[in-house]
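These notes concern the structure reproduced below.
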Amino acid sequence: MTLPKKVKIVEVSPRDGLQNEQQLVSAKLKIELIDLLVDAGVRYIEAGSFVNPSWVPQMATSDAVFRGIKQRQGVTFSALTPNLQGFNRAMAVNVGEVAIFTTVSESFSQKNINCSVDQSLKRFTPVLKAAADKDIPVRAYISCVAGCPYEGNIDPTKVAELAARLSEMGCYEVSLGDTIGVGTPGNISRMIEKVAEKISIQNIAVHLHDTYGQALANIYASLLMGVSVIDSSIAGLGGCPYVKNSQGSTASGNVATEDLIYMLNGLNIQHGINLEKIVEAGRFISKELERSNGSKISIALT
């Protein structure tokens, strides 16, 4: 097993990172954050989500965000579009790439989006058709690939079968999400091995949460399996709202981009992101949100 020479980092802080913040974050602040990310060298940014604002109030400003950000050559700004209505809203503000979201857990699907896994895929059919008609790339997220808060351990064969279905439907890339952060290098490797039997390793991304402190170890294991696309969030912003710690607060979630970059630098893997600038971006948004910075590297460099 050899490490990839280069990876693509998908920065999810403007959407996945901010969507669970209790205080409403203005479109202006989101745009400032996105500008800092681009300046740091980030070339793929999940900038918003076109969901019903009553479900996710934090994403109600996504239209304004996409109207306000400057389009840059070589930079992709994507949005989550759970249905055709959301897709049409995204197209109205010239979103260049969209993503859909499902889960391998029936219980999580019912509690999160109020439908079965099969029903969620049927909802995506018109989105994928419309995207194909407009030549818009579609990325897919699968949550709970290592474990579910309701069902426990997840069979990796089920993850592989679902990834294959999404690929057949037209998704160019499938991001495998350890939503509750229970994965370890062993079971993450076994899961990726199963998925890679169904779709090309080049079309697999990982979205690994740090709830149990395993995210970087799991990312390293994924790199050894040949994965070269990694989702992360500056300052470790974001977490799964369905997973609570002992105090009742949302458990820690996304791996901090700063920490990921530090590890990749040590492995001599190219990524195109400036560590000092991405640390500054994380400090900026943490200060604006008046919250602690979840990046260990940022804290160590202070």
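Each value in this text was obtained by applying a stated rule to the coordinates, not by laboratory testing. This is a predicted model, so every value here is computed, not measured. Neighbour counts run over all protein chains shown; Cβ positions are idealised from the backbone, glycine included.
Between Ala300 and Lys129, the distance separating the two model label sites (each 7 Å from Cα on the Cα→Cβ line) works out to 5.2 nm.
Between Glu106 and Asn94, 0.36 nm times their residue separation minus their Cα-Cα distance comes to what? Please report the intermediate quantities before stating the final value.
Details: separation 12, 0.36 × 12 = 4.32 nm, distance 3.35 nm.
Using 0.36 nm per residue and subtracting the Cα-Cα distance, I get 1.0 nm.
Modelled this way, with points 7 Å down the Cα-to-C-beta line, the labels at Gln85 and Arg291 are 2.7 nm from one another.
Distance between the 7 Å Cα→Cβ label points at Lys8 and Leu24: 3.5 nm. Between the stretch 1-60 and the stretch 140-161, the C-alpha centres lie 24 angstrom from each other.
In the stretch 1-104, Cα pairs under 8 Å separated by at least six residues give a relative contact order of 26 percent.
Anything over 30 Å Cα to Cα? Flag those among Lys70/Lys277; Lys5/Lys129; Lys134/Lys287; Lys5/Lys277; Lys5/Lys134, in the order listed.
Lys5/Lys129; Lys134/Lys287; Lys5/Lys134
Report the equivalent ellipsoid semi-axes for the stretch 73-191 in whole Å, largest first, defined as the square roots of five times the eigenvalues of the gyration tensor built from alpha carbon atoms. Working shown, then result.
Details: eigenvalues 137, 49, 30 Å².
For the stretch 73-191, the ellipsoid semi-axes come out as 26, 16, 12 Å.
Ratio of the chain's C-alpha Rg to 2.2 N^0.38 Å, to two decimals? Each step should come with its number before you reach the end.
Working: Rg = 17.6 Å, N = 302, 2.2 N^0.38 = 19.3 Å.
For the chain, the normalised Cα radius of gyration comes out at 0.91.
Under Stokes-Einstein, with the Kirkwood radius over Cα pairs standing in for Rh, what whole-number D in µm²/s applies to the stretch 1-159 at 37 °C and 0.692 mPa s? Write out the running numbers ahead of the final one.
On the way: Rh = 16.8 Å.
It comes out at roughly 196 µm²/s.
Averaging Cα coordinates gives a centre for the stretch 260-289 and one for the stretch 97-122; these two points are 32 Å apart.
Kindly work out what percent of the DSSP beta bridges joining two residues of the chain are antiparallel, to the nearest 5. Once the DSSP bridges in the chain are tallied, antiparallel ones form about 10 percent.
Order 105-113, 50-58, 262-270 from most to least packed using the mean count of other Cβ atoms within 10 Å.
On the way: 105-113: 18.2, 50-58: 16.0, 262-270: 14.2.
Final packing ranking: 105-113, 50-58, 262-270.
Work from the charge dipole of the stretch 9-301 (Cβ charges, +1 for Lys and Arg, -1 for Asp and Glu, about the Cα centre) and give the residue of Gly213, Ala146, Ile234 farthest towards its positive end. Result: Ile234, furthest along the dipole toward the positive end.
Take the Cβ-Cβ distance between Thr184 and Asn274 as r, set R0 to 30 Å, and report the resulting FRET efficiency rounded to the nearest 0.05. Mind dumping the intermediate values first?
Working: r = 31 Å, r/R0 = 1.04.
The computed FRET efficiency comes out at 0.45.
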